[in-house]
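Mind having a look at this structure? Questions to follow.
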């Protein structure tokens, strides 16, 4: 097989990676239960080496080949951002151009618009303050590959949740807008423009922003099949936010792309992108965390990433059945790309990254802690919540269940998320701190413009929240859950005592309201999870039964009040109904009730 690949690799201008790396990658795939992977490395002399291991389709057992094409999810953002920087280099617009000048039809609800409009740089850096995406934008079988990019907007006004430029908040919506910016500026579909003006000049002839899939009359025979747990194969489907995550490529093409990004921005004497813009990729600009001295963060389509003992400029991606990672190490002029045609929630994809980093020999020693000029750690103790959180619709969940407690131990900080292991943050001087497994500062603390204390990883900011507010949210949650549990258990017990007697009891209506929440479950099990964001029989039923839940609680309370029989049991029943009712009202205030997955 190796001999059969020699002509192909020669024509691609690439060699095969060494046998030791191949064996290690193949073993890692087997141990993780992953189907296959293709990867490329770029050495300091510019040589691109490619390789592959595993299977391209679990249903046939076909071997994954180095020339096979793969989807890379959000790695598409780096390629699209490079196209935007190309337009900036040509003077078509500037990084600081307000988006509204280029897309006047897009409406922003921006409280800071007078002095901080949403700019091109903010979209590139994920600092526009926009929501990531709606469920309907990400999980839908109604998207069309040829639909106008503006389809996802559906006449909506985009709410800006933090001052543009101040904080990173990952947004697929922002990159969909960048695709629209390219089309508004060039007058061509963004897929066509980037193919002709960026991909082909770079020699990336096996890459495309156009939709490709493995099934149907126009299936791509070179496209590896995507997989989920247990080897379940799934063909790619179109997406609404395609500029943010629709890109098909090969390992060799991504090696060429990495080599270009680490160069001077020219190809065959023609300047495609200003070299200063390429060097700025991965450097956070203007955020509160960056102004505090934190180097890790996102800038112009890539993120500075400190993992496995190496600091690189990277972007990861995931999409239907695939995971990918793309990393540059400009100081060493080395890079790697890896794409796995399996999206398993429990797999350790970092193990593959670590093997590639080790093969490139780009590790660096950790910077020692410096407590001599560190900020007073005790002043930052308290409870912190994501601000902003990634998905606006889930703000109640992230506030109530994804908070973190920040404590101090001398000069060090202890960052304890509710759902993750605690991190000990050693002082690095000033407002900077470093987690144990990092080589450079990983966190920064600062006082936000609103006066709240905050801590940031460069990619997520947390603001301190009053304990009383967090306590109120948890009290509401616990009261709601206990109320539902009581009504469910008592309802079942009273049914067992006699159906006729139960029908006459006030608890019957609330009990039925809770049981009705189970009705959508079999409907969801019969539909594809990719239709979660569509209005279907399952999602419609869920909206109806969730809307009826507070109604049934109120009805039960009214029946108890009318009876005016205040036994101990009736009091507990009433308290349970009130507990559920108040919780549903709280969820409604946060936009979670009724549950409408398609909006």
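The rows are residues; the columns are (1) assigned by TED's automatic domain parsing to the domain that holds residue 234; (2) in contact with a helix residue (DSSP H, G or I) (Cβ under 9 Å, 6 or more places away or on another chain); (3) modelled with pLDDT under 95; (4) buried (at least 22 other Cβ atoms within 10 Å of the Cβ).
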| site | (1), (2), (3), (4) |
| --- | --- |
| 300 | yes, yes, no, yes |
| 312 | yes, yes, no, yes |
| 323 | yes, yes, no, yes |
| 328 | yes, yes, no, yes |
| 341 | yes, no, no, yes |
| 366 | no, no, yes, no |
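Look through 418, 356 and report the one residue that is over 26 Å from residue 293 (Cβ atoms) and at pLDDT below 95.
418
Moving to a separate point now. Right, residue 346: surrounded by fewer than 21 Cβ atoms within 10 Å (Cβ to Cβ), within 17 Å of the chain's Cα centre (by Cα) and within 30 Å of residue 454 (Cα to Cα) or not?
Criteria not met by residue 346.
For region 481-528, how many residues meet the condition of being more than 33 Å from the chain's Cα centre (by Cα) and farther than 24 Å from residue 561 by Cα?
Residues that pass the stated criteria total 1.
Being more than 23 Å from residue 475 (Cβ to Cβ) and either outside the structural domain of residue 536 (by TED's automatic domain parsing) or in a helix (DSSP H, G or I) (or both): is that true of residue 561 here?
Here the answer is yes, as residue 561 does meet what is asked.
Then there's this: Can you tell me which of (1) within 21 Å of residue 438 (Cβ to Cβ); (2) under 23 Å from the mean Cα position of the chain (by Cα); (3) touching a residue at least 40 places away in the same chain (Cβ under 8 Å) is the one residue 309 doesn't meet?
Of (1) within 21 Å of residue 438 (Cβ to Cβ); (2) under 23 Å from the mean Cα position of the chain (by Cα); (3) touching a residue at least 40 places away in the same chain (Cβ under 8 Å), only one is false for residue 309: (2).
Check off (1) farther than 21 Å from residue 489 by Cβ; (2) touching a helix residue (DSSP H, G or I) at 6+ places or on another chain (Cβ under 7 Å); (3) modelled with pLDDT under 95 for residue 529 and give me the number that stays unchecked.
Of (1) farther than 21 Å from residue 489 by Cβ; (2) touching a helix residue (DSSP H, G or I) at 6+ places or on another chain (Cβ under 7 Å); (3) modelled with pLDDT under 95, only one is false for residue 529: (2).
Then there's this: All but one of (1) assigned to a loop (DSSP other than H, G, I, E, B); (2) more than 19 Å from residue 89 (Cβ to Cβ) hold for residue 202; which doesn't?
In the conditions (1) assigned to a loop (DSSP other than H, G, I, E, B); (2) more than 19 Å from residue 89 (Cβ to Cβ), residue 202 misses (2) alone.
Would you pick out the residues in region 22-65 that are surrounded by fewer than 20 Cβ atoms within 10 Å (Cβ to Cβ) and over 20 Å from residue 226 (Cα atoms)?
Scanning region 22-65 gives 22, 23, 24, 43, 44, 45, 46, 47.
Still on this structure: Looking at (1) more than 26 Å from residue 529 (Cβ to Cβ); (2) part of a helix (DSSP H, G or I); (3) at pLDDT 95 or above, find the lone condition where residue 379 falls short.
So the condition that residue 379 fails would be (3).
Determine which member of the set 95, 124, 130, 80 is assigned by TED's automatic domain parsing to the domain that holds residue 319, buried (at least 22 other Cβ atoms within 10 Å of the Cβ) and part of a loop (DSSP other than H, G, I, E, B).
130
I've got another one for you. Pairs needed: first member in region 273-286, closer than 15 Å to residue 77 by Cα; second member anywhere, in a helix (DSSP H, G or I); C-beta distance under 7 Å; at least 6 residues apart or different chains.
Correct list of pairs: 278/261; 281/261.
In this structure, does residue 468 turn out to be more than 24 Å from the chain's Cα centre (by Cα) and in contact (Cβ under 8 Å) with a residue 12 or more places away in the chain?
Against the criterion (more than 24 Å from the chain's Cα centre (by Cα) and in contact (Cβ under 8 Å) with a residue 12 or more places away in the chain), residue 468 does not qualify.
Kindly evaluate residue 351 against the criterion of being in contact (Cβ under 8 Å) with a residue 12 or more places away in the chain, under 21 Å from the mean Cα position of the chain (by Cα) and part of a helix (DSSP H, G or I).
yes
Inspect all residues belonging to region 160-170 and state whether any of them is in contact (Cβ under 8 Å) with a residue 40 or more places away in the chain and either over 27 Å from residue 110 (Cα atoms) or surrounded by fewer than 17 Cβ atoms within 10 Å (Cβ to Cβ) (or both).
No, because not a single residue in region 160-170 is in contact (Cβ under 8 Å) with a residue 40 or more places away in the chain and either over 27 Å from residue 110 (Cα atoms) or surrounded by fewer than 17 Cβ atoms within 10 Å (Cβ to Cβ) (or both).
May I ask you to say which residue of 176, 219 is in contact (Cβ under 8 Å) with a residue 60 or more places away in the chain and assigned by TED's automatic domain parsing to the domain that holds residue 134?
176
The values are calculated or read from the model by the stated rules, or taken from the named source; none is laboratory data. Just so it is clear, the structure is predicted and the values come from calculations on it, not from any experiment. Backbone-built Cβ (ideal geometry, glycine too); neighbour counts: all protein chains shown.
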